[in-house]
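Trainee: Can you read through this structure? Questions will come right after.
The values are calculated or read from the model by the stated rules, or taken from the named source; none is laboratory data. The structure displayed is predicted, hence computed values, not measured ones. Neighbour counts are summed over all protein chains in view; Cβ atoms, including those assigned to glycine, are modelled from backbone coordinates with ideal geometry. Ligands, DNA and RNA are excluded from the accessible area calculation, which covers all protein heavy atoms including side chains. Shrake-Rupley method; radii C 1.70, N 1.55, O 1.52, S 1.80 Å.
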Amino acid sequence: MQIRGRSAMALIAPAALLFTAFVLYPLVRGIQLSFTDAIGPNGGAFVGLTHYVHAVSDPTVRRALTNTLAYTVVVVVVQNALALLVAFWLFRQERVRDVVRAGLLLPAMMAFVAVGYLWSYVYSPLGGPLNVVMDALGLHRFEPVWLGDPHTALWAIAAIYVWMFLGYTATIYLANYMAISPSLLEAANLDGASGWRRFRHIDWHLLAPSFTINITLSVIGSLRVFDLPFIMTQGAPEDSTQTLSLVIYNNSFANYQFAYGTTLAVGLLVLTVVVGVIQATLLRRREADLA
Amino acid sequence: MTTLTAPATQQQTSTAPRRTVRRTRRRLGNGVASVLLVLFAALVLTPIYVLVVVSLHHGQSAPDNPFAFPTAPDWQNYRTAFVNMHYLRSVGNTLLITLATAALTVLTASLAAWAIVRHTRRWTRTVYQVFVSGLTIPIFVVLTPLYEVMQKLHLLDSYGGIVLAYAATTTPFAVFFFAGFLRTVPAELEEAAAVDGAGLLRTFAQIVFPLLKPATATLAIFVVMQVWNDLILPLVLLSSDSKQTVTLAVYATIGTHTLSPEQLLPTLVLGVLPLFAVFLSLQRYVVAGIAVGVGK
């Protein structure tokens, strides 16, 4: 059915209004706020680039930035590598596939709040289950205070994210596997390709669409990591679990430094866009190479 | 089995047993792989197992063995958690917010997507791109000004405010999703209805919306998962206890007390239980929703 121009406008209007009022306007307003001295919802005299200059030399912000980037790289790589392996495994084990997939998806159905408190208990130095297991395995010497040691805290949290979303990522890879025409995979089998070689030369190429989706999703999700550090560590110890989103939240809503908070938010937006563009270019080039 | 009955020719006797051996070995290998896979899933689920087991313990200190079932499960901690979380009220609040968000998002986004797909001009393409670019905006980028907007509209600490915020932040995905779905639906049915004299909204209600049903189901589940697990928007936009969502109730209950594991974990179990129930009963749609965009 051809919809006329004026009707089209009327149909789009409600969604556009909603999106403009509560996403686009706040986005623009945030950029504007970052050039003022607003504290809480009050004030707002123009102060130019003061906050940006301050942000660049703020040690907590620098630490948050390096933490966020390191965390993103590790989570994206580990999560996707493991998920690919699991999906490959699930694809071949048809009998247990549905049950195992449901089990692996369960952690992703839990609220971050619940996951955060549960793992605080798991990692607890006072009778926490993880240390109970390590004691039983005779690994007592290798038990740090997982969330209290600046060398391990961020990675202890990263491990939880991987735990949560492994099944989610694997489900996307598996859906891709199952969409591949069986004759293609059969041909690969007849050619005698197997194991790592088959994966490297055949599956890897056919999985390009899900690879693009998963990398995009995990990068976007990791760059804005907030909930677990917020619930479990509040950035401690020694700022080792400080992330950009956490710093934004604490400046805006714990200290009511709205202007500084939005300045950092603009920084996060720029980072997200830059990483997004680089990633889209690389992934598109890769898909074109493979095609 | 056929290979076990007497082989007729020389040729078969030489190849058949070898093939059987290979097939048996492969079947055995598959069996082992299946068992390993199940064990791996069990390992992944161990923290959730521990959550349930320890939540049933009674006492003021952590049990020595967090993996052992208690001899007699103790429900007192559940009763306390249930009361402290104002459980029924929190579940009711979350349900209300979720349903209203899903309804608003589905309605506005499907109308917009329909117009974008069936009225292909340069401006509709631009509108589509603006919506889709919203997919990458982290909520933290708009959080502070959003608070200000809600304050100006007197929507802080109201169901309406948080529903509008959720609907707005879900709109990009919803438009993207519905538009993708509508592109695969031929326009003939709608044209036939138009020829019969049906107006725009009637055509939408009677022809288009019913066609969208599978997409709507998947999207609704997406909204449920998003809203049910989110902490940040309720934390910033809702302040009175009577409007608390489940996640906020978990956070508020635990955040203000020092709890032993036996007191802490029942709160978490109650917090995740509703969504686990939704997931286990609607698994097919959840999996379909996750795999959106990767073929069929």
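Trainee: Which ones in region A:94-152 are among the β-branched types (Val, Ile, Thr) and part of a loop (DSSP other than H, G, I, E, B)?
Mentor: Once the filter is applied, which keeps residues that are among the β-branched types (Val, Ile, Thr) and part of a loop (DSSP other than H, G, I, E, B), region A:94-152 yields A:Val96, A:Val145, A:Thr152.
Per-residue answers, yes or no, for (1) in a loop (DSSP other than H, G, I, E, B); (2) in the same structural domain as B:Thr267 (by TED's automatic domain parsing); (3) within 23 Å of A:Phe226 (Cα to Cα):
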{"position": "B:Thr203", "(1), (2), (3)": "no, yes, no"}
{"position": "B:Gln206", "(1), (2), (3)": "no, yes, no"}
{"position": "B:Pro214", "(1), (2), (3)": "no, yes, no"}
{"position": "B:Thr218", "(1), (2), (3)": "no, yes, no"}
{"position": "B:Trp228", "(1), (2), (3)": "no, yes, yes"}
{"position": "B:Pro234", "(1), (2), (3)": "no, yes, yes"}
{"position": "B:Ser239", "(1), (2), (3)": "yes, yes, yes"}
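Trainee: It is to be established whether one or more residues within region B:154-163 are free of Cβ contacts under 8 Å to residues at least 40 places away in the same chain, under 14 Å from A:Ala21 (Cα atoms) and either surrounded by 19 or more Cβ atoms within 10 Å (Cβ to Cβ) or in contact with a Lys or Arg (Cβ under 7 Å, 6 or more places away or on another chain) (or both).
Mentor: No; the residues of region B:154-163 include none that is free of Cβ contacts under 8 Å to residues at least 40 places away in the same chain, under 14 Å from A:Ala21 (Cα atoms) and either surrounded by 19 or more Cβ atoms within 10 Å (Cβ to Cβ) or in contact with a Lys or Arg (Cβ under 7 Å, 6 or more places away or on another chain) (or both).
Trainee: Any residue that is under 20 Å from A:Ala102 (Cβ atoms) and either open to solvent by less than 30 Å² (accessible area, probe 1.4 Å) or of a type in the set (Ser, Thr, Tyr) (or both) - is there at least one of those in region A:190-207?
Mentor: no
Trainee: So which residues in region A:94-152 are under 20 Å from B:Gly255 (Cβ atoms), more than 9 Å from every other protein chain (Cβ to nearest Cβ) and of a type in the set (Ser, Thr, Tyr)?
Mentor: Passing the criteria: only A:Tyr123.
Trainee: Among the helices (runs of 4 or more DSSP H) confined wholly to region B:97-186, which include 1 or more residues that are under 18 Å from the mean Cα position of the chain (by Cα) and at pLDDT 95 or above?
Mentor: Qualifying helices (runs of 4 or more DSSP H): B:159-183.
Trainee: Name the residue, out of B:Val149, B:Val141, B:Val117, that is open to solvent by less than 40 Å² (accessible area, probe 1.4 Å), of a type in the set (A, V, I, L, M, F, W, C) and more than 8 Å from chain A (Cβ to nearest Cβ).
Mentor: Testing whether each residue is open to solvent by less than 40 Å² (accessible area, probe 1.4 Å), of a type in the set (A, V, I, L, M, F, W, C) and more than 8 Å from chain A (Cβ to nearest Cβ) leaves just B:Val117.
Trainee: Same structure, new question: Output the residues belonging to region B:71-87 that are part of a loop (DSSP other than H, G, I, E, B) and either polar (S, T, N, Q) or open to solvent by less than 20 Å² (accessible area, probe 1.4 Å) (or both).
Mentor: Within region B:71-87, B:Thr71, B:Met85 qualify.
Trainee: Going through region B:241-275 one residue at a time, which ones are assigned to a loop (DSSP other than H, G, I, E, B), touching a Ser or Thr at 6+ places or on another chain (Cβ under 9 Å) and more than 17 Å from B:Asn93 (Cβ to Cβ)?
Mentor: Passing the criteria: B:Leu259, B:Ser260.
Trainee: Now, a different point. Suppose we filter B:Ala198, B:Ala193 for residues that are on the phi < 0 side of the Ramachandran plot, open to solvent by less than 20 Å² (accessible area, probe 1.4 Å), at the interface with another protein chain (Cβ under 10 Å from one of its Cβ atoms) and not in a helix (DSSP H, G or I); which single one remains?
Mentor: Matching residue, one of B:Ala198, B:Ala193: B:Ala198.
Trainee: Search region A:260-283 for residues being at the interface with chain B (Cβ under 9 Å from one of its Cβ atoms) and among the aliphatic types (A, V, I, L, M), and hand back the single one that is surrounded by the fewest Cβ atoms within 10 Å (Cβ to Cβ).
Mentor: Ranking the candidates gives A:Val273 first.
Trainee: Now a separate question. Contact list please: Cβ distance under 7 Å, first residue in region B:50-62 and farther than 14 Å from B:Thr258 by Cα and surrounded by fewer than 19 Cβ atoms within 10 Å (Cβ to Cβ), second residue modelled with pLDDT of 90 or more and of a type in the set (A, V, I, L, M, F, W, C), pairs at least six apart or on different chains.
Mentor: Every condition considered, the pairs that remain are B:Val52/B:Val269.
Trainee: Say we look at region B:29-53 and pick out the residues that are among the hydroxyl-bearing types (Ser, Thr, Tyr) and under 22 Å from the mean Cα position of the chain (by Cα); which of these is farthest from the other protein chains (Cβ to nearest Cβ)?
Mentor: For region B:29-53, the residue satisfying everything is B:Tyr49.
Trainee: Out of (1) among the polar types (S, T, N, Q); (2) modelled with pLDDT under 85; (3) in a helix (DSSP H, G or I), the odd one out for B:Asn65 is which?
Mentor: Failed condition: (3).
Trainee: State yes or no: is A:Pro144 open to solvent by less than 50 Å² (accessible area, probe 1.4 Å), of a type outside the set (A, V, I, L, M, F, W, C) and modelled with pLDDT of 90 or more?
Mentor: no
Trainee: Hey, among the residues in region B:201-237 that are over 28 Å from A:Phe165 (Cα atoms) and among the aliphatic types (A, V, I, L, M), which one's most open to solvent (accessible area, probe 1.4 Å)?
Mentor: Checking each candidate, the answer is B:Leu201.
Trainee: B:Thr105 - would you say it is facing chain A (nearest Cβ under 9 Å), surrounded by fewer than 22 Cβ atoms within 10 Å (Cβ to Cβ) and either closer than 26 Å to A:Leu217 by Cα or in contact (Cβ under 8 Å) with a residue 60 or more places away in the chain (or both)?
Mentor: When the stated conditions are applied, B:Thr105 does not pass them.
Trainee: Output the residue which, of all residues in region B:238-251 that are more than 8 Å from chain A (Cβ to nearest Cβ) and of a type in the set (S, T, N, Q), is surrounded by the fewest Cβ atoms within 10 Å (Cβ to Cβ).
Mentor: B:Ser240
Trainee: Restricting attention to region A:173-188, which residues are exposed (fewer than 12 other Cβ atoms within 10 Å of the Cβ) and farther than 15 Å from A:Leu207 by Cβ?
Mentor: Matches in region A:173-188: A:Pro182, A:Ser183, A:Glu186.
Trainee: If you check B:Leu235, B:Leu200, B:Leu211, B:Leu219, which single one turns out to be touching a Phe, Trp or Tyr at 6+ places or on another chain (Cβ under 8 Å) and without any contact (Cβ under 8 Å) to a residue 60 or more places away in the chain?
Mentor: B:Leu235
Trainee: For region A:220-232, name all the residues that are in contact with a helix residue (DSSP H, G or I) (Cβ under 6 Å, 6 or more places away or on another chain), more than 9 Å from chain B (Cβ to nearest Cβ) and either open to solvent by 10 Å² or more (accessible area, probe 1.4 Å) or closer than 20 Å to A:Ser57 by Cβ (or both).
Mentor: Hit for region A:220-232 is A:Met232, nothing else.
Trainee: Quick one: which helices (runs of 4 or more DSSP H) lie wholly within region A:1-69 and hold at least 3 residues that are open to solvent by 30 Å² or more (accessible area, probe 1.4 Å) and over 30 Å from A:Ser240 (Cα atoms)?
Mentor: A:5-19, A:25-33
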